Amino acid sequence: MAQEVDPEPTDFEAVKEFVGNRLKINNMDIVSEPEWRYDLFGGLF
């Protein structure tokens, strides 16, 4: 069942931290932010 994320992540670092904590991944620091950005309504930019 889907649940709301509170507080909602506002940037890549926040998403990375949330996923690392939720999935118990210890080395999330090796994941770097992608060079591209994705806009839900506009696609890649």
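For ASP39, ASP6, the ranking by accessible surface with the largest value first comes to ASP6, ASP39, using a 1.4 Å probe.
The simple spin-label model puts a point 7 Å past each Cα toward its Cβ; for GLU4 and VAL19 those points are separated by 2.4 nm.
The values are calculated or read from the model by the stated rules, or taken from the named source; none is laboratory data. Predicted, not measured: the structure shown is a model, and the values here were computed from it. Cβ coordinates were reconstructed from backbone atoms using ideal geometry, including for glycine residues, and neighbour counts include every protein chain displayed. SASA here: full protein model, heavy atoms, side chains in, ligands and nucleic acids out. Shrake-Rupley method; radii C 1.70, N 1.55, O 1.52, S 1.80 Å.
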